[in-house]
Structures are given as structure tokens and as C-alpha cells.
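Inspection log for the structure reproduced underneath, given as C-alpha cells.
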Amino acid sequence: NSKTFWTTTGMFPQELIIGFPKRVKISKVAIQCYLVRTLRIERSTSKDPVGFQQCVEKDLQHREGQLQMEEFPLPEFEATYLRFIIKSAFDHFVSVHRVMAEGT
């Protein structure tokens, strides 16, 4: 829903975990967020959200008054869960507006 978003509680790191109904193959991840400085994406293939492995970590560009739109083309991998860790921010609070994963 484009009218909703997830926001942090003011301390870092913060994390957001997205689960899939079954193991999927992912080739690209994209995120729309606001005021995120450093973002790490991890994956898990476990039945439960444990045993995460790092996929990518990136410092994002600050865009005053605009959403950050970042795409992460990745070597195809399998995942049951994706964990987004906001390690640092440009302000006390940040928001995540959309997360997209492409694959099969």
C-alpha cells in the first residue's frame, strides 16, 4: 500500500524482516526509503528467520525532502527471509515505504 510505511523508533541499528511463503530465487532487490545512511541486506533459507547471511551493504545518498530509491542487482540466490538492517541514518527517524524483490 503506497499510503503506508514502516518507521524506526529512533535508535540504530533497526531491522525489518520479510518472509516468503516458501523458498524463492531472487535476482534483484529494490527499496524506497527516507533518510537511511547505511543499509545491509541479508538472506536466510531456514524455515524460521535465523542463520542470516549478508548479501550486500551500501551507503545511500542523502536526498533532502525526497525518497531514496535504491536497486541492488545481485547474483541469483535463494531465500525464505530477507532482513533489512538500517545500520545508520541521516536523522533520528527513518522510514521504509516499499520493498521489492524480483525473481522466481
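The values are calculated or read from the model by the stated rules, or taken from the named source; none is laboratory data. Remember, predicted model here, so these are calculated numbers, not experimental data. A quick note on method: Cβ atoms are made from the backbone with ideal geometry, for glycine too, and the neighbour counts reach across all protein chains shown. To get the accessible areas, we keep the full protein, side chains included, count just its heavy atoms, and leave off ligands, DNA and RNA. Shrake-Rupley method; radii C 1.70, N 1.55, O 1.52, S 1.80 Å.
With the requirement that a residue be in a strand (DSSP E or B) and either among the basic types (Lys, Arg) or open to solvent by less than 40 Å² (accessible area, probe 1.4 Å) (or both), what does segment 84-101 give you? Quick ask: steps written out before the conclusion?
Of all residues in segment 84-101, those in a strand (DSSP E or B) come to 84-89, 95-101.
Those that are in a strand (DSSP E or B) and either among the basic types (Lys, Arg) or open to solvent by less than 40 Å² (accessible area, probe 1.4 Å) (or both): 84, 85, 86, 87, 88, 89, 95, 96, 98.
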Inset, instruction - Assess whether residue 53 counts as being under 26 Å from residue 21 (Cβ atoms) and free of Cβ contacts under 8 Å to residues at least 24 places away in the same chain. - result: yes
Inset, instruction - Would you check which residues across segment 19-37 are touching a Lys or Arg at 6+ places or on another chain (Cβ under 8 Å), open to solvent by 40 Å² or more (accessible area, probe 1.4 Å) and in contact (Cβ under 8 Å) with a residue 60 or more places away in the chain and list them? - result: 32
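Determine whether segment 70-80 contains at least one residue that is under 17 Å from residue 14 (Cα atoms) and out of contact with any helix residue (DSSP H, G or I) (no Cβ under 7 Å at 6 or more places or on another chain). Outline the logic, then answer.
Of segment 70-80, the ones under 17 Å from residue 14 (Cα atoms) are none.
Checked against the condition, which is being under 17 Å from residue 14 (Cα atoms) and out of contact with any helix residue (DSSP H, G or I) (no Cβ under 7 Å at 6 or more places or on another chain), segment 70-80 yields no hits at all.
Each row is one residue, and each column tells you yes or no for (1) at pLDDT below 95; (2) small (Gly, Ala, Ser); (3) open to solvent by 60 Å² or more (accessible area, probe 1.4 Å).
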{"site": "7", "(1), (2), (3)": "yes, no, yes"}
{"site": "16", "(1), (2), (3)": "yes, no, no"}
{"site": "39", "(1), (2), (3)": "no, no, no"}
{"site": "44", "(1), (2), (3)": "no, yes, no"}
{"site": "50", "(1), (2), (3)": "no, no, yes"}
{"site": "62", "(1), (2), (3)": "yes, no, yes"}
{"site": "74", "(1), (2), (3)": "yes, no, no"}
{"site": "82", "(1), (2), (3)": "no, no, no"}
{"site": "103", "(1), (2), (3)": "yes, yes, no"}
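Taking segment 59-77 only, how many residues are more than 20 Å from residue 104 (Cα to Cα) and either hydrophobic (A, V, I, L, M, F, W, C) or out of contact with any strand residue (DSSP E or B) (no Cβ under 6 Å at 6 or more places or on another chain) (or both)?
If we filter segment 59-77 for residues that are more than 20 Å from residue 104 (Cα to Cα), which is where we start, we get 59-70.
Of the ones still in play, those that are also either hydrophobic (A, V, I, L, M, F, W, C) or out of contact with any strand residue (DSSP E or B) (no Cβ under 6 Å at 6 or more places or on another chain) (or both) are 60-67, 69.
Counting residues in segment 59-77 that are more than 20 Å from residue 104 (Cα to Cα) and either hydrophobic (A, V, I, L, M, F, W, C) or out of contact with any strand residue (DSSP E or B) (no Cβ under 6 Å at 6 or more places or on another chain) (or both) gives 9.
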